[in-house]
Amino acid sequence: MAAAVSIQGLTKKYLDVWNKAEIVAVDHLNLEVEEGEIFGFLGRNGAGKTTTIKMLLGLIFPTEGTATVLGRPLGDIEAKAEVSYLPEEAYFYETMSGWDILDFYARLFRIGEPERSKRVQKVLEDVYLDPKAWRRPLRGYSKGMRQRIGIAQALINDPKLLFLDEPTSGLDPIARAELRDVIHNVGKQGKTVFLSSHQLSDVELLCDRISIIHGGRLLALGKISELTAGEKVEIQAEGITNGTVDKIKSLKLEVLQTDGHIRIPAAEANQVSSVIDLVRGAKGTVTAVIPHRRTLEDVFVETVRKAGGDVSAADVKGGEN
Amino acid sequence: MVTMAIAKQTLEDMLRRKILLILLIVAVGMIALGPSVGFLSPRESSVVLKSLGLAVILIAGLLITILAGIQVIPTEIERRTIYTVLSKPVQRYEFILGKFLGGLATVFVMIAAMGVVFLGVVAWQDAHHAVSREMVTGVAMTFFQMMLLGAMAIFFSTFATPVVNFFLTFAIFMVGNMSSVTESLTSNKNPATKLLATVLHYILPNFGNFNIQNKLIHPEQTLSNPTVFIFQNIVYAIIYSAILLLLAILVFDRREV
């Protein structure tokens, strides 16, 4: 399958105000996004996600490296005709109505009438915007309605490739679920979606493959099923001595003790029998063995921490549905 | 199509800006009140009316042009609306031209509105003060002067902040209106003064040539060939504006947004 986005050694460096210290926003990034996939682009705040997207769209220019979008060089006008972009916290012209904004963006794609009006109506319906709001100025829209306009403007040209930067950020659960449906439908139409998001639960539901970047560098890349492979097993036991606990800890396992009960939250599958043998050998009782599938959040947190980054709640939004 | 779409959007956006509408309303109000302040001056009331009207149009046009020109691109960047525009198949020169034409259309609408009121007041005041060609030309020359000033504001907005742009554009307008002063200083004995005056005189636009109020106020002053003079000034404004827009495009083409 051809690459919708191909990035080779893409680097963006900024100089501070004194032109001395160098800030590396994106550091020799290599990445390929295949046509027709929904690709998750994950990273903490300031990891270089938006900078990468802006370089791919020709809004800013790389310091080093090259990339192609739909097989064309960065900033190519013909590629832009088949690409769309929803910026993070996108702002639109407040005094214009939703319809007029989409009509304006359609004109930028050189779409003439009567096709333009048909497209505007279709995308407004596709993003489930209430028809009563179509002709109202945007300043009266809620955040969810504005985000629908954002998605609608990203669909107005029937693009082959969509760059969506935090599309579900700040939305209520219903609006998030609806926008997730929209993105899912876009993917089903064979379009490529480059999805930058903190909402790991959304990414897990929508994406085929993901990448994790930190400090502008690529840390992980692959299918979600591959990255989350390898179940962890939680073991609970009671009636064992401190000596046995030390023996379990010597297997490099975390052990939590409360009132004679112990809990080992994350044992590897091949360690389970060793732990059970130790508990039984100490005349203790194994009370529970619970397999846990690794989540994308686990992978994200582990990957970023291994690279030396602290992960806060703002960086990961895993389960708020 | 793209340039005109951006121009149309810019015009509609500008016409909804409260500050510009307030300026227009105040200016129209002052022009409309012109006949009632004629007694304040010992001059003939018609001269006061024409002088006041053209001065109000010039000052309001100046403020509208500068406020529109310095904001038109920074606002797009600040509101991040520029991301959704430049990520579409829009060349950067189309964006600059669209913004300029939209701003220019705004200034045209506002000057035209003030001009219509001005000419209407003059015609209403006295049949003897019927609207003359010079008055229409005076309003039109204000527009071309503002076109040049707007191009300058757009050029500065590609690299300067709105505050810096405001003072730069305003200062250049003031110096450009004093071309007779800078011209006289080109023969100054001090070499530094001479050099500075020469540079200012020949590089900065000559805004003074667009002011033809004097001819209206002092009908005894005549131009040998007014049609050629006016035509030359219009061509000058168009060429100078084109050069400034070309420079703006060159700067903006490499600007990161």
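Read the figures in this text as sums done on the coordinates, not as results from a lab. In this text the structure is predicted, and so the values were computed from the model without any measurement. Note that each Cβ is placed from the backbone with ideal geometry, even for glycine, and that neighbours are counted across all protein chains shown.
Restricting the range B:86-105 to residues that are crowded, with 23+ Cβ neighbours inside 10 Å and more than 20 Å from residue A:83 (Cα to Cα), the residue that is farthest from the other protein chains (Cβ to nearest Cβ) is B:104. Every condition in (1) in a helix (DSSP H, G or I); (2) surrounded by fewer than 18 Cβ atoms within 10 Å (Cβ to Cβ); (3) among the hydrophobic types (A, V, I, L, M, F, W, C) holds for residue B:159 except the one numbered (1).
Among residues of the range A:254-275 that are assigned to a loop (DSSP other than H, G, I, E, B), those with a Cβ under 7 angstrom from a residue that is of a type in the set (Asp, Glu), sequence gap 6+ or separate chain, pair up as A:260/A:238. Restricting the range A:92-131 to residues that are of a type in the set (Phe, Trp, Tyr) and within 24 Å of residue A:174 (Cα to Cα) leaves a set whose member that is farthest from the other protein chains (Cβ to nearest Cβ) is A:128. Of all the criteria given as (1) free of Cβ contacts under 8 Å to residues at least 24 places away in the same chain; (2) within 14 Å of chain B (Cβ to nearest Cβ), the one not satisfied by residue A:22 is (2).
Residue selection: residue B:7 satisfies the criterion of being out of contact with any His (no Cβ under 8 Å at 6 or more places or on another chain), within 12 Å of chain A (Cβ to nearest Cβ) and hydrophobic (A, V, I, L, M, F, W, C).
Among the residues of the range A:11-29, which ones are polar (S, T, N, Q) and surrounded by 10 or more Cβ atoms within 10 Å (Cβ to Cβ)?
Filtering the range A:11-29 down to residues polar (S, T, N, Q) leaves A:11, A:19.
Selection gives A:11 alone.
Does residue A:62 satisfy the condition of being within 22 Å of residue A:157 (Cβ to Cβ), in contact (Cβ under 8 Å) with a residue 40 or more places away in the chain, within 11 Å of another protein chain (Cβ to nearest Cβ) and touching a strand residue (DSSP E or B) at 6+ places or on another chain (Cβ under 7 Å)? Answer is no for this residue. Looking across the range A:65-82, just one residue is facing another protein chain (nearest Cβ under 7 Å) and either under 23 Å from residue A:9 (Cβ atoms) or of a type in the set (Phe, Trp, Tyr) (or both), and that is A:80.
Kindly indicate whether residue A:86 is more than 7 Å from chain B (Cβ to nearest Cβ) and within 25 Å of residue A:138 (Cα to Cα). Considered against the rule, which asks whether it is more than 7 Å from chain B (Cβ to nearest Cβ) and within 25 Å of residue A:138 (Cα to Cα), residue A:86 comes out as yes.
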